[in-house]
Amino acid sequence: MTRSSARRRVPASVLPARQASASAVRSFAIAWAAALAGTSYVPMSGAEVADLLDRLAGELVNALRAETFDPKAGYDAGTELVNAHFTTPASLHRCVHIIGERLLPELGVEPTPWFLDRIAELQGALAAGYSQALRVRTLREQEAIRGAVLDARDEAEAALRASEAKFRAMFADAAIGIGISDLTGRIIDVNAALVRMMSASREQLVDSNVRDYVHPSDVSDGLWASYGRVLRGELDHYQIEKRLRRPDGGWAWANLTVSLVRDDIGAPLYLVSMMEDVTDRHDLQETLRYQATHDPLTGLSNRALFTERLAEVFDPDSTVGPADRRVGLCYLDLDGFKVINDSLGHDVGDRLLVAVAARLAESVAGEHRLIARMGGDEFVVLVDETTGPNDVIAVAESILATLVPPVHIDGHELAVAASIGVVERPVAGTTAADFMRDADITQYWAKADGRGHWAVYDSERNAYEVARFALAAAMPAAMEREEFYVDYQPLVRLGDERTVGVEALVRWQHPVFGRLGPDRFIELAEETGLIVALGKWVLRTACAQAKRWLDEFGDDAPYISVNLAVRQSREPDLVAEVCKALEDTGLPARLLQLEVTESAIMSTLDAPLEALRTLDAMGVRIAIDDFGTGYSNLAYLRHLPVKELKIAGSFVEGLQASDREDPVDAQIVATLVTLAHALGLTVTAEGVETPAQAERLRRIGCDSGQGWLFARPGKPENIARILSES
Ligand code: C2E
Ligand code: MG
Ligand code: MG
């Protein structure tokens, strides 16, 4: 069967009833809808689909029954189905199938070859219409997409052009400097702000390398490391405050942000450096920092900067310097500055400080050295990375040398000197605080040594002084706890070896250190002033003891010789104290001797001398202790209320059997004895240890001796025994 045969006219008798019932068409449409369900996504309701198929089915039926068959209804139906979004092969297949299977039975028509021929024609036409419509539709959709793509591309290009323009405008007009470099650092482009900032021309900058602008001392910092990290993509960008060398030789400070620009596939392309010119802010900060860290008078670093630097040196996490880094310090204090300041005025004082600072700066400035004014007339020189104390001693000596020429101010010729404490040690194992404390102590030692001296810190000396301090602090309580006691040593008349006097020598029975001799604590007691109370106690104790011997031995009782400290000799109530001791104990004044040192008696002060005269007038004997060790003016002795000279043991040491004798010592002792006798004084030699010394002293004419040869200092019972034995 061919289509042409289907189009042939047929006899009317063959045709079924002209009007197929609407219900039959309807029920076919329902079956058709069911067959199509789910084959395509159709944006229509079920009812709309049913209406469409009902209409199409009606037209197909009409075509089927028409006298003159035209398959166009099939073609149109195919088109309409596609237009209604039935677009899948499954939809087409179901349509063709249901028309072939159900249309004729539904209409109640015999499937004669004639009808089957028409059915087949309709099926083919529907398929053709469906396909054609689908093609048109696909083409249209492709066209739409391509159009959209074109539109999109146009828009993107426009946007790119816009952003490029925006970038250009930003780049050119930006207030911050922008430079674009390639990955080797070669500068490709710079903007006007950068040109201004670098005080250069665009030509000077382009094609140069960013490395040309880095400060030499910044090269070692993290700049290049960060640069490399940006290049490797480990960092998006980094920011740093940097100084840049301008082609004119000046420096610009920039707050620099470097970021990486990549191409489409992510490969590094350029580095963009954005620089905010912070030179002014930086200069201001520098000025403020300078003011905060420098002494306005001398221009030297101030204490704050010194402290900061010292903390850096002693920072345990510091990586600066060698692992066995050592550091030294000269701590200097001008000698006699206060006098100049007070007498010549602060203006002269200030100018002197300026002059000293200038000399310091000139003589010791250098790498690894910081000179600072700590305040007043105190300066320090911090010497970093030393190799030993000698490095710092050399600095101290050059400071002392530079201060030797006098300073001329306002017609005054001012001699300047300084006392310098020197400390030097490894940084490890110590702290800035310890270092400064020791420097301070050492500076005091230097001061104590006299004008223009340096002293080096000595840990043993320090330990000794710390112990001394502890001892001094413990003394008042020791007095209360009666830890002090007095030993007695005979003063023996050389002619007959009789004990004519007894020296009272104080001792301290210390609970921890045991028995301490007076050399360990008398000086301390003088410094703290406790000697006054201690001396008073010794005086009373000794007088009381002497009174007991008087009671026991009557005329044979010895006088008691009590040491008087310089400080005691200057006490205004010395006379009153002595009187009271004698009164309270009942000891006659003639049995008391007071030993004073040369320095006490040679003092220019009149008051102590007056006191001694009064005591002398009362009958108390005054002796000069350790004679020969001081600087007595012998001629002056005759004006003093002195009854006895005690020759220091050091002279007696030289007196031996004639063959081993030191002729000078022998001569001195002989001269002293002769002179003393000429002045009407008696002489006692101290430190007599051998019979030869005693014999020699006797021949020289010395009156008495004191020493281990006769007896060591000891308990009062010792003296009583000696007295009763003689
Ligand atoms: P000093 O007044 O010259 O006392 C004599 C010192 O010589 C005593 O030392 C005594 O023990 C020591 N000595 C005695 N015989 C010999 C000897 O043969 N050889 C040697 N090498 N030494 C001998 P000490 O007891 O250590 O007293 C030292 C100094 O302390 C005294 O020297 C005196 O200046 C001072 N001193 C002692 N007691 C007192 C006191 O109560 N008040 C004051 N202000 N000073 C005192
Ligand atoms: Mg003495
Ligand atoms: Mg003495």
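The values are calculated or read from the model by the stated rules, or taken from the named source; none is laboratory data. This is a predicted model, so every value here is computed, not measured. Neighbour counts run over all protein chains shown; Cβ positions are idealised from the backbone, glycine included. These area figures cover heavy atoms from the full protein model, side chains too; ligands, DNA and RNA do not enter into them. Shrake-Rupley method; radii C 1.70, N 1.55, O 1.52, S 1.80 Å.
Side notes on the structure shown:
- In order through the stretch 174-185: 3J(HN,Hα) via Karplus (6.51 cos²θ - 1.76 cosθ + 1.60), integer Hz, x for Gly, Pro: 4, 6, 8, x, 10, x, 10, 10, 7, 6, 8, x
- Distance distribution note for the stretch 478-542: the fraction of Cα pairs above 12 angstrom is 72%.
- Highest average packing first - 261-272, 195-206, Cβ atoms within 10 Å: 195-206, 261-272
- Debye equation applied to the C-alpha atoms of the stretch 582-669, log10 I(q)/I(0) at 0.22, 0.25 Å⁻¹: -1.03, -1.20
- Using a simple spin-label model with pseudo-atoms 7 Å out from Cα toward Cβ, Tyr464 and Phe553 lie 3.8 nm apart.
- Under 5 Å between amide hydrogens, built in the peptide plane, is the criterion, and for Leu235 it picks out Val230 among residues at least 5 positions away or on other chains.
- Compactness relative to 2.2 N^0.38 Å, alpha carbon Rg of the stretch 472-586: 1.13
- What the pair-distance distribution of the stretch 298-457 shows, using all Cα-Cα distances binned every 10 Å from zero, is 11, 42, 33, 11, 3, 0 percent.
- Over the Cα atoms of the stretch 35-104, the radius of gyration divided by the Kirkwood radius equals 0.96; this is the Rg/Rh ratio.
- The chain, helix-only ellipticity at 222 nm - DSSP H runs n ≥ 4, -39,500 (n - 2.57), divided by all residues, nearest 500: -16000 deg cm²/dmol
- Here the stretch 231-359 is assigned +1 on the Cβ of each Lys and Arg and -1 on the Cβ of each Asp and Glu. Its dipole about the Cα centre then comes out at about 340 debye.
- Assuming charge only on the beta carbon of Lys and Arg (+1) and of Asp and Glu (-1), the dipole of the stretch 394-446 about its Cα centre is about 140 debye to the nearest 20.
- Annotation: average projected area of the stretch 174-283 is 6.7 square nanometres, based on the convex hull of Cα atoms across all directions.
- On the beta carbon distance between Thr387 and Asp519, with R0 = 45 Å, the FRET formula returns roughly 0.70.
- Whichever lysines have a C-alpha closer than 30 Å to that of Lys643, once near sequence neighbours (fewer than 8 apart) are set aside: Lys536, Lys547, Lys580, Lys715
- Spin-label pair Arg153/Thr287, simplified geometry with 7 Å Cα→Cβ offset, distance in nm: 6.1 nm
- Rounded percent of accessible protein surface that carbon and sulfur make up, the chain, 1.4 Å probe: 54 percent
- HN-Hα J in Hz across the stretch 472-481 - Karplus 6.51, -1.76, 1.60, θ = phi - 60°, x for Gly and Pro: 4, 5, 7, 4, x, 5, 5, 4, 5, 7
- In this structure, the amide hydrogen of Glu689, modeled 1.01 Å from its nitrogen in the peptide plane, lies closer than 5 angstrom to those of Leu709, counting only residues at least 5 positions away or on a different chain.
- For the listed peptides 358-368, 530-540, a ranking on the average number of other beta carbons within 10 Å per residue, highest first, reads 530-540, 358-368.
- Alpha-carbon centroid distance for the pair the stretch 295-355 / the stretch 361-428, whole angstrom: 9 Å
- Shape analysis of the stretch 642-712 based on the Cα gyration tensor places the equivalent ellipsoid semi-axes at 18, 14, 9 Å, largest first.
- FRET efficiency, Glu241 to Tyr444 (Cβ-Cβ, R0 35 Å, nearest 0.05): 0.20
- Radius of gyration, Dmax [the stretch 117-188; alpha carbons; angstrom]: 28.0, 87
- Gain upon complete extension [Ala533, Tyr485; 0.36 nm per residue less C-alpha separation]: 15.9 nm
- Linear extension gain, Asp315 paired with Arg698, 0.36 nm per residue minus alpha-carbon span: 130.9 nm
- All-pairs alpha carbon distance profile, the stretch 413-551, 5 Å steps from 0, percent: 2, 8, 13, 14, 12, 11, 11, 9, 7, 5, 4, 2, 1, 0
- Over the stretch 472-725, equivalent-ellipsoid semi-axes from the Cα gyration tensor in Å: 27, 22, 19
- Here the calculated FRET efficiency for Asn83 and Ile145, from their Cβ-Cβ distance with R0 = 30 Å, stands at 0.95, rounded to the nearest 0.05.
- The Cβ shell under 12 Å around Val492 holds other residues with a net charge of -2, Lys and Arg each +1, Asp and Glu each -1.
- Considering only Ala439, Ala50, Gln568, the residue lying farthest towards the positive end of the dipole of the chain is Ala50, judged by Cα position with unit charges set on Cβ.
- In this structure the amide hydrogen of Glu503, modeled in the peptide plane, comes within under 5 Å of the amide hydrogens of Gln489, Leu491, Ser561, none closer than 5 places in sequence on its chain.
- Above 38 Å, the calculated P(r) of the chain contains 70 percent of its Cα-Cα pairs.
- Listed residue (Phe115, Val416, Leu352) projecting farthest to the positive dipole end of the chain, Cβ model: Phe115
- Note, ³J(HN,Hα) from phi for the stretch 312-329, Karplus 6.51, -1.76, 1.60, rounded to Hz, x at Gly and Pro: 5, 4, 8, 5, x, 8, 5, 10, 7, x, x, 5, 9, 3, 10, 9, x, 8
- Fraction of antiparallel bridges per DSSP, the chain only, in percent to nearest 5: 75 percent
- Accessible surface computed residue by residue for the chain, with neighbouring protein chains in place and a 1.4 Å probe, gives 50 Å² per residue.
- Across the stretch 3-142, counting alpha-carbon atoms alone, Rg and Dmax equal 14.8, 51 Å.
- Difference of contour (0.36 nm per residue) and Cα-Cα distance, Asp659 to Val261: 132.9 nm
- Each peptide among 309-322, 410-423 gets the average number of other Cβ atoms lying within 10 Å of its residues, and from highest to lowest they stand as 410-423, 309-322.
- Under the Debye formula (equal points on every Cα, no solvent term), log10 I(q)/I(0) of the stretch 119-160 at q = 0.19 Å⁻¹: -0.64
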